[in-house]
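Input: a single structure, listed below in structure tokens.
The values are calculated or read from the model by the stated rules, or taken from the named source; none is laboratory data. None of these values were measured; they are calculated from a predicted model. With ideal geometry, Cβ positions are generated from the backbone for all residues, glycine too; neighbour counts draw on all protein chains shown.
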Amino acid sequence: MQANCSVKKLKDFYAIRPDAPIYQKEFGFYVLDRWVKEGYLKPRGEEADYDAYLRKVFGFDEPAIYYLQGLGWCEAAFLPRFEEKVLEDRGEHELVQDFAGRSVLVFKGRRSGFMPEYLDHPVKDRYSWEANVQWRLLPDAPGRMEKAREDAKKAREAQERGEVVVQQSIGGYMYLRSLMGPSELLYQFYDNPKLIHSCMETWLNLADAVTAEHQKSVSFDELFLAEDICYNHGCLISPEMMKKFLFPYYRQLIERIQKRNRGRRLHIQIDTDGRADDVIDLYREIGMDYMSPFEAAAGCDLIAVSERYPNLLLSGGIDKRKIAEGGDALRRYLDSLMPPLRRRGGFIPTCDHGVPEETPFEHYMLYRSLMKEYCS
């Protein structure tokens with residue numbers, strides 16, 4: 001599948017063009033090691049470009065999006081990062097300090113590929129914020145802007161080829177949670193609002209500086225905010241907290257980016273796990289027109305959302321449990337979901353989170369075979 005075909009599909013997606021061929025990709029995988037062990041896939045070391053190999057195996061489209069980095073993802077863009085070190089040996093486990101300054105309990109000799117236990121976070125009060133963390137998020141950290149200029153040059157070249165340019169950033173809630181921890185953060189909203197605002201002002205200053213540097217060379221098609229503000233029953237904080245502690249900073253950043261964007265339309269994507277239905281209207285207030293990944297297990301109903309919000313771009317939404325189940329159940333499920341979404345347009349289907357480890361290879365390949373029919 002050629003890159004120019006991918007560009008056309010993405011432009012049709014952003015335009016919400018009804019019944020257009022659908023761009024095909026995957027959210028991610030937790031099952032690859034199992035499939036390699038079972039002999040279905042080559043080990044990573046046997047392919048120079050493993051992502052390209054997977055695209056060929058699964059029939060995905062060629063990438064036509066350039067992702068500008070530099071503003072974090074699930075953690076803030078620390079520069080320098082915290083020293084990674086072992087804090088305590090606990091037999092089969094070890095307590096480590098990770099690059100984001102958190103104390104994390106992991107299996108000994110295995111620090112990735114699973115959800116660790118987070119025992120401590122770096123920001124506890126004003127002193128710990130200013131002494132240990134805030135200075136790692138300054139725009140003038142050595143090397144930060146040099147890297148931004150290099151990335152922007154590559155993004156401009158991609159845009160000249162017709163590709164979509166997306167500026168990624170950690171969202172405000174995920175940022176605060178990574179600094180303070182999910183439980184402690186809730187107390188800090190009430191007990192120490194000045195600290196929260198200081199953290200968010202730092203978030204805004206860094207995001208504004210890096211995006212301004214990028215925009216000297218290239219305009220953005222999309223701003224992607226990794227938020228993860230929902231769980232399986234709805235939002236983790238109240239609308240009032242969102243409007244007080246997040247939205248003022250989002251509005252400032254979006255307004256500044258739009259002023260620098262040379263008239264190019266800017267799409268705003270909010271990425272949040274969990275049940276997101278209740279926050280759609282809230283995020284529309286700051287200009288959001290794109291949301292992902294609509295976890296089916298949390299009760300997200302893609303068809304209902306697509307009908308209620310005809311101008312909302314959608315991505316994700318394919319129930320990981322149905323893919324793992326395979327067979328006629330998968331066929332019936334996709335047949336109820338894909339035709340109406342294809343007719344609507346503005347949808348990129350992926351597993352609603354990483355493809356889980358219990359997914360049989362044959363079932364995933366059936367899924368891919370069916371999706372090629374629905375999407376072509």
request  = Go over the candidates Arg331, Arg343 one by one and state the one that is more than 23 Å from the chain's Cα centre (by Cα) and either under 23 Å from Asp228 (Cα atoms) or in contact (Cβ under 8 Å) with a residue 60 or more places away in the chain (or both).
outcome  = Arg343
query = Looking at (1) more than 30 Å from Phe13 (Cα to Cα); (2) surrounded by 12 or more Cβ atoms within 10 Å (Cβ to Cβ); (3) in contact with a Leu (Cβ under 9 Å, 6 or more places away or on another chain), can you tell me which one Gly143 breaks?
reply = (2)
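From the set of residues in segment 252-270 that are among the aliphatic types (A, V, I, L, M) and closer than 15 Å to Val164 by Cβ, which is surrounded by the most Cβ atoms within 10 Å (Cβ to Cβ)? Walk me through how you get there before you give the answer.
Of the residues in segment 252-270, the ones among the aliphatic types (A, V, I, L, M) are 253-254, 257, 266, 268, 270.
Checking the rest, the ones that are also closer than 15 Å to Val164 by Cβ come to 266, 268.
Details: Leu266: 17, Ile268: 21.
So the residue we want is Ile268.
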query = Quick one: in segment 228-278, which of the residues that are aliphatic (A, V, I, L, M) and assigned to a helix (DSSP H, G or I) is nearest to Pro193 (Cα to Cα)?
reply = Met241
task = Answer yes or no: is there a residue in segment 99-114 that is surrounded by 15 or more Cβ atoms within 10 Å (Cβ to Cβ), under 23 Å from the mean Cα position of the chain (by Cα), among the hydrophobic types (A, V, I, L, M, F, W, C) and under 26 Å from Leu223 (Cβ atoms).
result = yes
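Here are some residues: Glu62, Glu26. Which one is in contact with a Phe, Trp or Tyr (Cβ under 9 Å, 6 or more places away or on another chain) and part of a loop (DSSP other than H, G, I, E, B)?
Glu26
Hey, which of the strands (runs of 3 or more DSSP E) in segment 279-376, taking only ones fully inside, have at least 2 residues that are of a type in the set (A, V, I, L, M, F, W, C), over 30 Å from Met242 (Cα atoms) and modelled with pLDDT of 95 or more? Even if it seems obvious, please write down each step before you answer.
Numbers: elements: 290-292, 313-318, 347-351.
Output list is empty.
Does segment 205-223 contain at least one residue that is charged (D, E, K, R), at positive phi, in contact (Cβ under 8 Å) with a residue 24 or more places away in the chain and surrounded by fewer than 16 Cβ atoms within 10 Å (Cβ to Cβ)? Walk me through it before giving the result.
Of the residues in segment 205-223, the ones charged (D, E, K, R) are 208, 213, 216, 221-222.
In the following step, the residues that additionally are at positive phi were identified as none.
For segment 205-223, residues charged (D, E, K, R), at positive phi, in contact (Cβ under 8 Å) with a residue 24 or more places away in the chain and surrounded by fewer than 16 Cβ atoms within 10 Å (Cβ to Cβ): absent.
Rundown of residues vs (1) of a type outside the set (Val, Ile, Thr); (2) out of contact with any helix residue (DSSP H, G or I) (no Cβ under 9 Å at 6 or more places or on another chain); (3) farther than 26 Å from Ala209 by Cα, yes/no style:
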| residue | (1), (2), (3) |
| --- | --- |
| Glu240 | yes, yes, yes |
| Pro248 | yes, no, no |
| Arg251 | yes, yes, no |
| Arg256 | yes, no, no |
| Arg262 | yes, no, no |
| Gln269 | yes, yes, no |
| Thr272 | no, no, no |
| Asp277 | yes, no, yes |
query = at pLDDT 95 or above, in contact with a His (Cβ under 7 Å, 6 or more places away or on another chain) and closer than 30 Å to Val133 by Cα: does that describe Leu68?
reply = yes
query = Ile16 passes all but one of (1) at negative phi; (2) in a loop (DSSP other than H, G, I, E, B); (3) among the hydrophobic types (A, V, I, L, M, F, W, C); which number fails?
reply = (1)
ask   = Within segment 130-173, how many residues are among the small types (Gly, Ala, Ser) and more than 23 Å from the chain's Cα centre (by Cα)?
value = 3
query = Any residue in segment 180-198 that is in contact (Cβ under 8 Å) with a residue 24 or more places away in the chain, β-branched (Val, Ile, Thr), out of contact with any Pro (no Cβ under 8 Å at 6 or more places or on another chain) and part of a helix (DSSP H, G or I)?
reply = yes
